[in-house]
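Everything below concerns the one structure shown next.
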Amino acid sequence: MLSISFTKNRRYSFLPAGLVLAMSLLGCTSGSTTKTDTPADTTRATTQATPAPVNKQPVVLFFGNSLSAGLGVEPEEAFPALVGEKIKAAGLNYRVVNAGLSGETSAGGKGRIGWVLRQPVAVFVLELGGNDGLRGILPPSTKANLQAIIDSVKLKNPQAKIVIAGMQIPPNMGAQYTKPFRDIFPALAKENQAALIPFLLENVGGIPRLNQPDRIHPTAEGHKIVANTVWQTLEPLLKPGM
């Protein structure tokens, strides 16, 4: 069983608005005249002011670390993108947004959740905590941070469905740590009436051929298995009436 390591960040960001510099000349003699817009000018201004179409498809947002970010594979090979393909193939009206950030901890996620929630979210998949395990952060602290993230989602999107991705860490940390850590995720799911993915890396963690040379991050083939694992929990939540 594997956990997440710190790697070079792949950031999920929004494009800032452009900066427009307007200059005007003011005539100061009595003979100065003011230019009026011609029909062509008016048409041009109206065209430029027309906002871009807004995609109103409900969003499935993956909020996680390097696993969600797809470190070491192409973006379209990461499991959130593969889940997006499954959604499309099933004829479901959702779009996937990948807010994975390599190296992210539960505390880091707590700090950036408000920025991510600037867009409405229909389904929120929480995939954080693995890096906390690597650092040996006390499970109650990790749980509190994850709960704060969930609380932010509920406050901003009261109708959002929440999915919690369970994580486990290698036994070398000792049973006194690994069990309380593993128990964080089902406890959060129960307390928040959220859906639970028992172990995100089921049938992938610890299998060399399904992991990259670092033995931590799944290969493209490994991500396919992770996508299937996620889909088992996610699909029922996306069907009408659920």
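The values are calculated or read from the model by the stated rules, or taken from the named source; none is laboratory data. Quantities reported herein were computed from a predicted structural model and do not represent experimental measurements. Reconstructed Cβ throughout: ideal geometry from the backbone, glycine too, with neighbour counts over all protein chains shown. Protein only, heavy atoms only, side chains kept; ligands, DNA and RNA dropped before computing areas. Shrake-Rupley method; radii C 1.70, N 1.55, O 1.52, S 1.80 Å.
Overview of results
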| quantity | calculated |
| --- | --- |
| Counted residues, the range 93-107 - those being within 25 Å of Glu77 (Cα to Cα) and assigned to a helix (DSSP H, G or I) | 1 |
| Qualifying residue in the range 148-156 (condition: more than 14 Å from Leu61 (Cβ to Cβ) and in contact with a helix residue (DSSP H, G or I) (Cβ under 9 Å, 6 or more places away or on another chain)) | yes |
| Output for the range 85-107, where each listed residue is open to solvent by less than 50 Å² (accessible area, probe 1.4 Å) and either more than 18 Å from Ala165 (Cβ to Cβ) or without any contact (Cβ under 8 Å) to a residue 12 or more places away in the chain (or both) | Leu92 |
| Members of the range 77-90 found to be small (Gly, Ala, Ser) and assigned to a helix (DSSP H, G or I), listed by number | Ala81, Gly84, Ala89 |
| Checking Asp214 against (1) in a helix (DSSP H, G or I); (2) more than 16 Å from Phe62 (Cα to Cα); (3) among the charged types (D, E, K, R), the condition it does not meet | (1) |
| Residue within the range 204-219 that is closer than 26 Å to Ser152 by Cα, open to solvent by 20 Å² or more (accessible area, probe 1.4 Å) and charged (D, E, K, R) present | no |
| Flag for Gly111 being open to solvent by 50 Å² or more (accessible area, probe 1.4 Å), over 23 Å from Asn211 (Cβ atoms), in a loop (DSSP other than H, G, I, E, B) and without any contact (Cβ under 8 Å) to a residue 40 or more places away in the chain | no |
| Top-ranked residue in the range 119-154 [being more than 24 Å from Gly84 (Cβ to Cβ) and among the acidic types (Asp, Glu); ranked as nearest to the chain's Cα centre (by Cα)] | Asp151 |
| Residue in the range 173-180 that is outside any loop (DSSP other than H, G, I, E, B), in contact with a Gly (Cβ under 9 Å, 6 or more places away or on another chain), open to solvent by 40 Å² or more (accessible area, probe 1.4 Å) and under 15 Å from Gly130 (Cα atoms) present | yes |
| Only listed residue being more than 21 Å from Arg95 (Cα to Cα) and modelled with pLDDT under 95, chosen from Leu155, Leu146, Leu134, Leu138 | Leu134 |
| Identity of the residue in the range 57-76, in a helix (DSSP H, G or I) and of a type in the set (A, V, I, L, M), that ends up surrounded by the most Cβ atoms within 10 Å (Cβ to Cβ) | Leu67 |
| Hits in the range 131-172 (condition: outside any helix (DSSP H, G or I), without any contact (Cβ under 8 Å) to a residue 60 or more places away in the chain, open to solvent by less than 30 Å² (accessible area, probe 1.4 Å) and under 25 Å from Thr229 (Cα atoms)) | Ala160, Ile162, Ile164, Gly166 |
| Set Lys224, Lys239: member being of a type outside the set (A, V, I, L, M, F, W, C) and more than 16 Å from Gly84 (Cβ to Cβ) | Lys239 |
